[in-house]
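Participant: One structure, as structure tokens, below. Some questions next.
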Amino acid sequence: MDRLHLINVFVAVVDTNGFAGAARKLGISPPAVTRAINELEAHLGVRLLTRTTRVVRVTEPGARYAEDCRRILAELAEADESAGGMHGVPRGRLTLTAPVLFGARFVTPIVTEYLQRYAEVSVSCWFLDRVVNMMDEGVDVAVRIGELPDSSMQAIRVGSVRRVICGAPGYLERHGVPQAPDDLPRHCIISATAVTPTPDWRLVRDGAPHVVKLAPRLITTTNDSAVAAAVSGFGLARLLSYQVAEQLRDGELKIVLSEFEPAALPVHVVHREGRHASPKARAFLDLAIARLRANPALS
């Protein structure tokens with residue numbers, strides 16, 4: 001039994017969500033993939049995958065085993081590079097994910113600097129306003145905003161952002177500056193559902209949670225459109241501080257009710273390779289952590 005071959009096949013099945021995809025990725029036949037998985041499960045005495053005619057899902061023991069296998073394969077690749085005199089040289093494709101606006105404003109400059117430094121790497125950026133399953137979708141590095149659930153992923157905190165209520169100076173001159181949360185229902189409200197999924201804004205008053213029920217005039221699924229509407233003077237929007245950092249700096253928007261803001265949200269860089277990160281991941285992590293921690297919009 002070639003254990004290395006078996007775990008390579010297993011990881012390929014997990015990464016491609018199926019036996020056929022793993023066969024194409026590895027250049028072997030689907031029956032060979034099936035035999036390898038059966039042999040590995042028989043050796044371990046545990047079910048790693050559940051299969052139906054249309055879907056392959058990883059079991060809980062299989063998910064843990066897949067993560068261990070990835071670490072082993074990364075260590076072997078690193079050992080091979082070291083033996084070949086190429087230790088520490090980043091190469092290959094790095095896949096990363098971040099929220100849309102965060103990715104455009106903060107991650108893209110880091111990616112281009114990384115690519116300019118290392119000629120033998122390429123990067124695939126998934127900028128999405130949803131939480132990507134890193135293990136299932138084969139993502140190496142992610143930026144997460146908010147408290148993290150318990151997981152086996154490695155997380156490095158790089159800053160924090162606030163949930164701020166803001167409006168254009170012209171709007172505030174015409175309609176007045178709200179002095180308390182209960183003033184908000186009298187204002188024209190812009191709701192960005194990526195930040196506030198419901199029309200209820202959860203604030204803090206006298207140290208306790210305070211919910212304000214609102215009837216937004218404008219509901220949008222994108223943060224940049226909410227920013228544009230607020231800058232135009234249409235109304236008040238609740239956004240993350242980094243999303244309006246430029247507009248606040250340039251005086252296009254002003255923050256109101258800051259004393260009622262909830263606690264700031266942490267920003268983490270998350271990766272799945274542990275302390276044995278591959279050279280390509282380690283180099284990107286080092287650069288990203290340094291650049292994000294130095295950014296005043298995240299402090």
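The values are calculated or read from the model by the stated rules, or taken from the named source; none is laboratory data. Keep in mind the model is a prediction, meaning the values are calculated, not measured. Positions of Cβ are generated from backbone atoms using ideal geometry, with glycine treated the same way; all protein chains shown enter the neighbour counts.
Participant: Which residues, counting only those in region 42-58, are polar (S, T, N, Q) and touching a helix residue (DSSP H, G or I) at 6+ places or on another chain (Cβ under 9 Å)? Write out each step before concluding.
Facilitator: First, pick out the residues of region 42-58 that are polar (S, T, N, Q): 50, 52-53.
If the condition is that a residue be polar (S, T, N, Q) and touching a helix residue (DSSP H, G or I) at 6+ places or on another chain (Cβ under 9 Å), then Thr50 is the only one that fits.
Participant: Out of the strands (runs of 3 or more DSSP E) lying entirely within region 180-299, which hold 3 or more residues that are of a type outside the set (A, V, I, L, M)?
Facilitator: Of the strands (runs of 3 or more DSSP E) lying wholly inside region 180-299, those with at least 3 residues that are of a type outside the set (A, V, I, L, M) span 200-205, 208-213, 265-271.
Participant: Also: Under 7 Å between Cβ atoms, which residue pairs at least 6 apart in sequence (or on different chains) link something in region 152-173 that is over 23 Å from Phe260 (Cβ atoms) with a partner that is outside any strand (DSSP E or B) and of a type in the set (D, E, K, R)?
Facilitator: Ser152/Glu67; Met153/Arg272; Val158/Arg293
Participant: Here is a further query. When region 12-43 is examined, which residues are found to be over 19 Å from Arg54 (Cα atoms) and touching a residue at least 40 places away in the same chain (Cβ under 8 Å)?
Facilitator: Listed by number, the list holds a single entry, His43.
Participant: Of everything in region 103-122 that's outside any helix (DSSP H, G or I) and without any contact (Cβ under 8 Å) to a residue 40 or more places away in the chain, which residue is nearest to Tyr242 (Cα to Cα)?
Facilitator: Of everything passing the filter in region 103-122, Ser122 is nearest to Tyr242 (Cα to Cα).
Participant: When the residues of region 141-169 are filtered to those that are in contact with a helix residue (DSSP H, G or I) (Cβ under 8 Å, 6 or more places away or on another chain) and at pLDDT below 90, which remaining residue is surrounded by the most Cβ atoms within 10 Å (Cβ to Cβ)?
Facilitator: Ranking the candidates gives Met153 first.
Participant: Moving on. So is Leu203 in contact with a His (Cβ under 6 Å, 6 or more places away or on another chain) and closer than 21 Å to Leu248 by Cα or not?
Facilitator: yes
Participant: Checking the conditions here, which among Leu148, Leu184 is outside the structural domain of Ala63 (by TED's automatic domain parsing) and more than 25 Å from Lys213 (Cβ to Cβ)?
Facilitator: Step by step, each of Leu148, Leu184 is checked, and only Leu148 is outside the structural domain of Ala63 (by TED's automatic domain parsing) and more than 25 Å from Lys213 (Cβ to Cβ).
Participant: Can you name the residue in region 221-253 that is β-branched (Val, Ile, Thr) and either surrounded by fewer than 22 Cβ atoms within 10 Å (Cβ to Cβ) or not assigned by TED's automatic domain parsing to the domain that holds Thr198 (or both) and, of all such residues, is farthest from the chain's Cα centre (by Cα)?
Facilitator: By that ranking, first place goes to Val231.
Participant: In region 210-230, how many residues are farther than 20 Å from Ala168 by Cα and in contact with a strand residue (DSSP E or B) (Cβ under 6 Å, 6 or more places away or on another chain)?
Facilitator: Going through region 210-230 one residue at a time, the tally reaches 4.
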